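The values are calculated or read from the model by the stated rules, or taken from the named source; none is laboratory data. Keep in mind that what you see is a predicted model, and the values were worked out from it rather than measured. Just so you know, the surface numbers come from the protein's heavy atoms only, side chains and all, with ligands and any DNA or RNA stripped out. Shrake-Rupley method; radii C 1.70, N 1.55, O 1.52, S 1.80 Å.
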Amino acid sequence: MQGVQLTRIHRILIAVVVAGAVVIAAIGFAGSYAAVRDLAERKGFGAFAPFFPIGVDAGIVVLLALDLLLTWIRIPFPLLRQTAWLLTAATIAFNGAAAWPDPLGVGMHAVIPVLFVVTVEAARHAAG
């Protein structure tokens, strides 16, 4: 693959971005876990309630990672990205429902997922 030659500084910046993205994702997932789990319990998920938020968040990470990989090797599959963003919107809605009717709380639940979306889209743009 022909492209830009990465210098030591480029590699350091990439490592910082990857580490930052992991931190953003971890904070977002940790922050939403309890709210989504509690909502799932209230909605009758029973013993599955603790696993539901993990499944949604793992689905987001796996689909986005696969989308980035396939984009990087030049065989993109748009359904992966679209499904990941649908799951991201769903987790924002679940978290928002847990904070309802407090508009500030609902907005606060959207900030980190939106930051994560922008970070992944920038990575996808760079890979593309």
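Of A84, A19, A35, which is the most mobile in a GNM of the chain whose springs link Cα atoms less than 10 angstrom apart?
Comparing A84, A19, A35 in the GNM, the peak value goes to A19.
Give me the percent of the accessible area of the chain that comes from carbon and sulfur atoms, probe 1.4 Å, all protein chains in place.
Details: 6210 of 8230 Å².
Carbon and sulfur: 75 percent of the exposed surface of the chain.
Please compute the contact order of the range 22-93 in relative form: average sequence separation of alpha-carbon pairs under 8 Å and at least six residues apart, divided by the residue count, as a percent. Walk me through the intermediate numbers first.
Numbers: 47 pairs, mean separation 19.6, N = 72.
Relative contact order comes out at 27 percent.
Rounding to the nearest 10 and keeping the result within 0 to 90°, find how far the Cα-based axis of helix 78-99 lies from the longest principal axis of the chain.
Around 40 degrees separate the two axes.
Once both axes come from the Cα atoms, what is the angle between helix 52-72 and the longest principal axis of the chain, in degrees from 0 to 90, rounded to 10?
20
What does the helix-only formula give at 222 nm for the chain: each DSSP H stretch with n ≥ 4 adding -39500 (n - 2.57), the total divided by the residues, and the result rounded to the nearest 500 deg cm²/dmol? List each step's numbers first, then the result.
On the way: 4 runs with 103 residues, N = 128.
For the chain, the value works out to -28500 deg cm²/dmol.
Could you tell me the largest-minus-smallest coordinate of the C-alpha atoms of the range 8-127 on each of the three principal axes, in descending order and whole angstroms?
49, 27, 22
Tell me the per residue accessible area of the range 1-117 using a 1.4 Å probe; a whole number in Å² is fine. Mind showing how you got there, number by number?
Working: 7570 Å² over 117 residues.
Ligands and nucleic acids excluded, the figure is 65 Å² per residue.
List the relative contact order of the chain as a percent without decimals, with contacts defined as Cα pairs under 8 Å and 6+ residues apart.
Numbers: 98 pairs, mean separation 36.4, N = 128.
That works out to 28 percent.
How much length, in nm to one decimal, is gained on full extension between A99 and T7, taken as 0.36 nm per residue of separation minus their Cα-Cα distance? Provide the component values of the computation, followed by the final result.
Values: separation 92, 0.36 × 92 = 33.12 nm, distance 4.56 nm.
This chain segment gains 28.6 nm when fully extended.
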